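Notes follow the structure.
The values are calculated or read from the model by the stated rules, or taken from the named source; none is laboratory data. Note that the coordinates shown come from a computational prediction; the quantities given were computed from them, not determined experimentally. A quick note on method: Cβ atoms are made from the backbone with ideal geometry, for glycine too, and the neighbour counts reach across all protein chains shown.
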Amino acid sequence: MSNIDVLLGLQWGDEGKGKIVDVLTREYDIIARFQGGPNAGHTLEFEGIKHVLHTIPSGIFHAKATNLVGNGVVIDPVIFLKEIDALKKIDPVAQDRLMISRKAHLILPTHRLLDAASEQAKGKSKIGSTLKGIGPTYMDKTGRNGIRVGDIEQPYFLEKYKNLVEKHLQLLDNYAFDISPLKVMEAEWMDAIEKFRGLSLTDSEYFLINQMNKGKRILAEGAQGSLLDIDFGSYPYVTSSTTTAAGACTGLGVAPNKINRVIGIFKAYCTRVGSGPFPTELFDQDGEQLRVDGNEFGSTTGRSRRCGWLDLPALKYAVDVNGVTELMMMKADVMSSFDTIKVCTGYKYHGNDIDHLPYATDPDFLEPQYQSLKGWSCDLTKLNDWKKAPPELMDYVRFIEDYVGVSISLVSVGPDREQTLKISTIVEA
Ligand code: GDP
Ligand code: IMO
Ligand code: MG
């Protein structure tokens with residue numbers, strides 16, 4: 001049996017991936033991030049500590065695990081070094097467990113300016129990007145202009161940097177975008193690059209192949225969520241990487257036939273931050289209740305997250321596109337104040353009943369159809385045994401499993417590592 005498992009989000013991000021990677025890390029030798037960059041914010045809570053990671057994998061707090069930033073990730077060295085500094089306060093030797101792929105691409109200060117310029121130019125139809133430079137950096141990667149981590153060790157690095165910045169300045173000029181912050185940003189960036197050279201840079205695909213051959217267990221950690229995938233998400237309101245399981249292959253150099261479990265993380269309801277279609281979005285008191293009870297404010301940007309009921313056709317789509325082998329449901333505790341919980345089981349589309357996400361998701365023609373289930377109306381946060389879970393929660397879980405055809409192996413009832421209920425024997429929680 002092969003020994004790479006993939007863990008990813010099935011909705012629009014912020015499902016609770018960070019928490020679960022942390023919970024599962026004791027089963028693995030290596031945790032490897034395969035895409036995205038500092039647009040991600042993965043929150044971990046344990047022993048009274050709350051920590052948000054952006055680029056560093058969520059296994060970093062476990063003394064025995066190696067944490068790899070894979071080639072599919074885009075790295076802002078300034079943010080990365082700040083993350084390391086914050087980590088050091090909790091664990092001074094955490095950095096020793098961190099490796100970075102030489103083939104990962106670097107986010108330049110001008111990428112961040114281009115991100116902002118592009119958003120400004122889009123006006124009302126802006127993506128709602130995190131403004132971390134993600135889109136422009138992946139554009140340079142696929143456009144074959146990008147600068148990779150390995151380039152900083154090469155004699156041509158500065159020349160390559162200057163040439164790319166020159167191109168970016170022309171584009172920024174076309175946008176008539178204010179570049180006055182660039183000098184300060186650039187000085188900070190160059191300083192970070194100097195320090196970055198001292199980190200453990202590696203040819204990560206070889207490293208992973210060797211480790212696999214030695215029988216080491218690897219967990220590939222996704223960022224964002226399947227509905228933000230560049231191909232299968234709600235395009236163009238997506239991120240610029242492959243957030244689905246295929247991204248683990250290209251983002252780490254792992255062959256598809258080496259992947260074993262595909263663990264899909266979803267919230268018991270839905271949230272989205274930024275623009276774009278969200279069929280089950282709630283604009284009423286119920287939506288506000290979810291936002292407040294779920295503390296639904298972005299981990300990276302602090303923006304308020306849009307909230308809505310669970311969308312089962314969208315969840316099933318994500319399960320199928322990823323080949324999910326087991327599900328984990330997060331934030332069940334947040335729904336405790338609802339006597340009745342609604343679940344979307346299909347849509348009316350141009351007046352017809354459908355049970356799949358259509359190509360065009362214009363809210364004027366796509367109306368979610370709901371089924372109402374009885375809520376559990378009790379506090380779950382102190383529950384420590386799934387067998388003692390309220391029957392309404394068990395029914396909710398069964399309803400979802402029946403719809404999507406995959407079992408739920410874990411239910412999360414609070415942000416802390418310990419607030420985690422194992423259902424089946426698949427998970428060693
Ligand atoms: P990620 O990007 O998928 O890692 O998720 P985020 O960290 O951005 O957002 C998830 C938020 O929910 C964080 O604030 C977590 O601490 C919190 N969280 C995770 N699981 C649970 C849960 O089961 N219940 C509650 N109430 N909060 C949770
Ligand atoms: P984690 O890993 C939620 C959203 C942004 C925006 C769109 C494009 O914490 O789940 P980008 O900066 O990538 O160009 O933004 O994607 N987005 C996320 N939403 N969680 C994330 O990551 C996200 N990363 C990007 O809000 O709508
Ligand atoms: Mg997040």
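Details
- Selection count where residues are closer than 15 Å to V73 by Cα and either among the aromatic types (F, W, Y) or not in a loop (DSSP other than H, G, I, E, B) (or both), scope segment 7-50: 7
- Selection within segment 317-357 - assigned to a helix (DSSP H, G or I) and either of a type in the set (G, A, S) or buried (at least 21 other Cβ atoms within 10 Å of the Cβ) (or both): A318, V319, N322, A332, D333, V334, M335, S336, S337
- Qualifying residue in segment 101-120 (condition: under 30 Å from S412 (Cα atoms), touching a helix residue (DSSP H, G or I) at 6+ places or on another chain (Cβ under 7 Å) and more than 16 Å from ligand 2 (Cβ to nearest atom)): no
- Any hit, segment 210-223, residues being within 11 Å of ligand 2 (Cβ to nearest atom), farther than 25 Å from R26 by Cα and within 14 Å of the chain's Cα centre (by Cα): no
- Qualifying residue in segment 381-388 (condition: in a strand (DSSP E or B) and in contact (Cβ under 8 Å) with a residue 12 or more places away in the chain): no
- Flag for F297 being within 11 Å of ligand 1 (Cβ to nearest atom), without any contact (Cβ under 8 Å) to a residue 40 or more places away in the chain and under 17 Å from the mean Cα position of the chain (by Cα): yes
- S372 satisfies every condition listed in (1) surrounded by fewer than 17 Cβ atoms within 10 Å (Cβ to Cβ); (2) assigned to a strand (DSSP E or B); (3) touching an Asp or Glu at 6+ places or on another chain (Cβ under 8 Å) except (3).
- When the test is whether a residue is among the aliphatic types (A, V, I, L, M) and surrounded by fewer than 15 Cβ atoms within 10 Å (Cβ to Cβ), A192 does not pass it.
- Evaluated against (1) away from ligand 3 (no atom under 16 Å from the Cβ); (2) β-branched (V, I, T); (3) more than 22 Å from R303 (Cβ to Cβ), V78 falls short on exactly one condition, (3).
- Qualifying residue in segment 56-78 (condition: touching a strand residue (DSSP E or B) at 6+ places or on another chain (Cβ under 7 Å), free of Cβ contacts under 8 Å to residues at least 40 places away in the same chain and part of a loop (DSSP other than H, G, I, E, B)): yes
- Within segment 23-57, being within 14 Å of ligand 3 (Cβ to nearest atom) and at positive phi holds for one residue alone: G36.
- Here N260 does not fit the description of being among the polar types (S, T, N, Q) and without any contact (Cβ under 8 Å) to a residue 24 or more places away in the chain.
- Residue within segment 409-425 that is closer than 30 Å to E47 by Cα, away from ligand 1 (no atom under 16 Å from the Cβ) and not in a strand (DSSP E or B) present: yes
- Some residue of segment 354-371 being among the aromatic types (F, W, Y) and touching a helix residue (DSSP H, G or I) at 6+ places or on another chain (Cβ under 8 Å): no
- Any hit, segment 61-68, residues being within 20 Å of G247 (Cβ to Cβ) and either out of contact with any Phe, Trp or Tyr (no Cβ under 8 Å at 6 or more places or on another chain) or within 14 Å of ligand 1 (Cβ to nearest atom) (or both): yes
- Any hit, segment 306-317, residues being away from ligand 1 (no atom under 16 Å from the Cβ), over 20 Å from the mean Cα position of the chain (by Cα), among the small types (G, A, S) and at pLDDT 95 or above: no
- Residue ID - nearest to K167 (Cα to Cα), chosen from residues in segment 89-134 that are small (G, A, S) and out of contact with any Leu (no Cβ under 8 Å at 6 or more places or on another chain): S118
- Residue match in segment 95-103 (condition: of a type in the set (S, T, N, Q), surrounded by fewer than 15 Cβ atoms within 10 Å (Cβ to Cβ) and under 30 Å from S234 (Cα atoms)): no
- Residues located in segment 38-57, provided they are more than 10 Å from ligand 2 (Cβ to nearest atom) and crowded, with 19+ Cβ neighbours inside 10 Å: L44, H51, T55, I56, P57
- Check on I230, among the β-branched types (V, I, T) and more than 16 Å from ligand 3 (Cβ to nearest atom): yes
- On inspection, K82 fails the criterion of being without any contact (Cβ under 8 Å) to a residue 12 or more places away in the chain, touching a helix residue (DSSP H, G or I) at 6+ places or on another chain (Cβ under 7 Å) and either assigned to a helix (DSSP H, G or I) or closer than 26 Å to K195 by Cα (or both).
- Residue within segment 88-99 that is part of a strand (DSSP E or B) and within 22 Å of G150 (Cβ to Cβ) present: yes
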